[in-house]
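Working notes for the structure below.
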Amino acid sequence: MNIGSYIVRRLLGLLPLLLAISFFSFVIIQLSPSDPAEVAIRVNAMTPTPELIAEVREEMGLDKPFLERYLTWLNNAVHGDLGKRYVDGKSVAGEMLKALPPTLMLAATSAALMLACSIAAAFVGVLFEGRWPDLLLRGLIFLGTSVPAFWAGLLLIWLFAVHLDLLPTGGLSGPSSLVLPAVTLALPYISAYARLLRNSMVQTKQQNFVLYAKACGRSRGAVLRHIFRNSLQSSLTGLGMSLPKLVAGTFVVECIFAWPGLGRLCVTAIFNRDFPVIQAYVLLMAVLFVLCNLCMDICSALVDPRLRERGLQ
Amino acid sequence: MTFWQSLKRDRPGMACLCFLVLVALAGLLAPYIVPYDPADIDVRNKFASCGWTHWLGTDHLGRDILSRLVYGTRASLGFSLLTMGVTVSIGIVLGMSAGFLRGKVEAFLMRLCDVMMSFPSEVMILAIVGMLGPGLENVVLACVIAKWPWYTRMIRTVTRQYADMNYIRFARVAGYGTPYIIRRHLLPCAAGEIIVLATLDTGAVILMISALSFLGLGVQPPTPEWGMMLGEAKDIMILYPEQMLPPGITILLVVAAFNFLGDSLRDALDPWHHPSREVTV
């Protein structure tokens, strides 16, 4: 099968999944114990009288049957209209678009940091296997997988922003404000990938082709390059899962560093019971996750044609 | 039982297990061992430093930090264990049904799992907490809903591996019912993998519960909880940075112990397993 028809068939296969996702994002708010109309009135500091509730229900279309509301919402969502915020009546899609670039910037910086640090750490681990730099690194990696990200973030703020006064404590103001949030966000991922890559490189090192390359008198760098390329498979698979998680997992870090991104928007919305924002966040993240998985699958299929048949079953 | 024996030989792993049992016991027996009531406010005595009267000092309301840490075990560790218990039970029931009954039940459950797993678990948890509102029970429910598909899927895979083996067929022919076969022949085979995954996940759930409580979405005051204590310490970071240490270190130690124990269990389960200790993110 050629790659074009593979992509088309995968895209068609995604349609039911996307539909299910949109249905879930819609339903989840309907299941909420509080009445959206009442919430919408309360957040505007008005007293919800029965007449007012009935009026707002009609205005919001809540008196229509469930399926009709879902189809209207879906139709609007497809056309880029995700409703209005209860708090100030601003367009949700507009606020989301404003918050998306900071989140993506943070996630991208973290991803770059994660790749650079974990590859460097894995190389140190392999070069010094069993000696003190390797042991030290393994200790640090173990700490990194267990440390709560929000605590690490606080300690970093205290050290670099309060004590040494080198970097801003939070907010988005120039490149220097990106450093602490990106490091905090990347920390658990650096540990996970450094460990994965180091272990798989240590295993690859035992294989015969490495011995052969050494016996042929290849230089140390060339041998290392062979080991590295043959150890990437498991990390690449994980990376496809981690990249969207990096975007979705930003909410804690964004709240600590007052970062004006999507996660903070959603957490604020949860406190305000601002349902349209939560709904839009869930929808956006799920679609992002699905598309990211698709991209990773297509990349793997490009590299390995055997996967094209298997992926469709 | 070889599993238990090889774990016993793993000293650091056993040390982690003992540490966790001690922490859990401290949480259970909290009213009998802590010197102060965790909600006792004593404003004249706020920000007391470490000493004999208050071993770890007092917080911004003069409450004893050590007592709050010990009581916090109930929310952090207790509710994480509850979450994992419920998740694993659901996983066992649904996963075994899917693996045994096959056909439409399996197809339906696996489709459902696919849809659930197409959401990153963080988003799923935020969505459910957003729907139900902040609160510890809602966070637990959210974690269960976000995690059960993974367990269902894994247990179904294990079940399918064993369901066609001869000894299970013999048990069937001999006339044993499905519940008996599951209890006697399937659960022991799947137990190892379930325990390893659940141990590693408990650490992740502790981190999740404390992160949400830190943001104010989980445990509500005045119930003491480690993440919430960190959230309170955050506000006074500039003047009293040392207040961030006790809850942070506690979370770190407990999560590290769970992670290490999970790795030890994995090695104990599979003596030929290269101690590669991979992690999933």
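The values are calculated or read from the model by the stated rules, or taken from the named source; none is laboratory data. What you are looking at is a predicted structure, and each value in this text was computed from that prediction instead of being measured. A quick note on method: Cβ atoms are made from the backbone with ideal geometry, for glycine too, and the neighbour counts reach across all protein chains shown. The area values use the complete protein model at the heavy-atom level, side chains included, leaving out ligands, DNA and RNA. Shrake-Rupley method; radii C 1.70, N 1.55, O 1.52, S 1.80 Å.
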Would you pull out the residues with amide H under 5 Å of A:Ala258's amide H, same chain only if 5 or more places away, H placed 1.01 Å from N? A:Gly171
Mean per-residue count of partner chain Cβ within 10 Å for A:137-147 equals 4
Checked chain A with the C-alpha gyration tensor, a ≥ b ≥ c its square-rooted eigenvalues, rounded below a/c of 1.5, otherwise prolate if a/b is larger than b/c and oblate if not; verdict oblate
Most mobile of A:Leu156, A:Leu211, A:Leu100 in a GNM of chain A (Cα contacts under 10 Å): A:Leu211
Over region B:60-273, what is the mean sequence separation of C-alpha contacts under 8 Å (at least six apart), divided by residue count, expressed as relative contact order in percent? 27
Mean accessible surface per residue for the protein assembly as shown, computed with a 1.4 Å probe while every protein chain stays in place, in Å²: 48
Top to bottom by accessible area (1.4 Å), largest first, where do A:Thr169, B:Thr250 land? A:Thr169, B:Thr250
Run the helix sum for chain B: -39,500 (n - 2.57) per DSSP H stretch of 4+ residues, divided by residue count, reported at 222 nm to the nearest 500 deg cm²/dmol. -22500 deg cm²/dmol
Which lysines does A:Lys205 reach when only Cα atoms under 27 Å apart count, and residues fewer than 8 places away in its own chain are ignored? A:Lys214
In peptide A:281-292, how many Cβ atoms from other protein chains are near each Cβ within 10 Å, on average? 3
Exposure of A:Glu55 as accessible area (Å², to 10), given a probe of 1.4 Å and all protein chains: 110
Modelled label reach - B:Cys50, point 7 Å along Cα→Cβ, region B:68-94 residues with backbone N closer than 19 Å: B:68-71
Residue-wise, which Karplus ³J(HN,Hα) couplings in Hz belong to region A:18-33, taking 6.51 cos²θ - 1.76 cosθ + 1.60, θ = phi - 60°, and x for glycine or proline? 4, 4, 4, 4, 5, 4, 4, 4, 6, 5, 4, 7, 5, 7, 4, x
Using a 1.4 Å probe and counting only protein heavy atoms, arrange B:Leu61, B:Leu252 so the residue with the most accessible area comes first. B:Leu61, B:Leu252
How do the peptides A:289-298, B:82-91 rank, highest first, by the average count of neighbouring beta carbon atoms within 10 Å per residue? B:82-91, A:289-298
GNM top mover of B:Asn138, B:Asn259, B:Asn166 - chain B, alpha-carbon springs below 10 Å: B:Asn166
FRET efficiency for A:Leu15 and A:Leu127 from the Cβ-Cβ distance with R0 = 56 Å, rounded to 0.05, comes out at 0.70
Listed residue pairs exceeding 26 Å between alpha carbons, taken from A:Lys98/A:Lys245; A:Lys245/B:Lys8; B:Lys46/B:Lys234; B:Lys104/B:Lys147; A:Lys64/A:Lys90; A:Lys64/B:Lys147: A:Lys245/B:Lys8; A:Lys64/B:Lys147
Distance in nm between pseudo-label sites at A:Asn208 and A:Gln30 (7 Å out along the Cβ direction from Cα): 6.2
Within 10 Å of each Cβ in B:218-230, the average number of Cβ atoms from other chains: 1
Give the shape of the protein assembly as shown as rounded, prolate or oblate, defined through the alpha-carbon gyration tensor: a ≥ b ≥ c are the square roots of its eigenvalues, a/c under 1.5 means rounded, and otherwise the shape is prolate if a/b is larger than b/c and oblate if not. rounded
Most fluctuating residue of A:Ile141, A:Ile41, A:Ile278 in a GNM of chain A with Cα springs under 10 Å: which is it? A:Ile41
Note: B:Tyr240 to B:Ile41 extended length (0.36 nm per residue) minus current alpha-carbon separation gives 69.8 nm
Anisotropy class of chain B from Cα gyration tensor, a/c 1.5 cut: prolate
Interchain or long-range residues, amide H under 5 Å from A:Lys84's placed H: A:Val92
If DNA, RNA and ligands are ignored and the probe is 1.4 Å, what is the ranking of A:Thr47, A:Thr268 by accessible area, most exposed first? A:Thr47, A:Thr268
On the accessible surface of the protein assembly as shown, probed at 1.4 Å with all protein chains in place, carbon and sulfur together account for a percent value of 66
Pairwise burial A:B, computed as accessible area of each alone minus the pair, summed, 1.4 Å, Å²: 4400
Please list 3J(HN,Hα) in residue order for region A:144-156, calculated via the Karplus relation 6.51 cos²θ - 1.76 cosθ + 1.60 where θ = phi - 60°; whole Hz, with x for glycine and proline. x, 6, 9, 6, x, 4, 5, 5, 4, x, 5, 4, 5
Please report the accessible area of A:Val162 (heavy atoms, 1.4 Å probe, ligands and nucleic acids excluded) in Å², nearest 10. 50
Which of A:Thr237, A:Gly94, A:Val162 sits closest to the plus end of the dipole of chain A, meaning its Cα is farthest towards the positive end, when Lys and Arg get +1 and Asp and Glu get -1 on the C-beta? A:Thr237
Could I have the simple spin-label model distance between A:Leu159 and A:Thr47, label points 7 Å from Cα toward Cβ, reported in nm to one decimal? 5.5
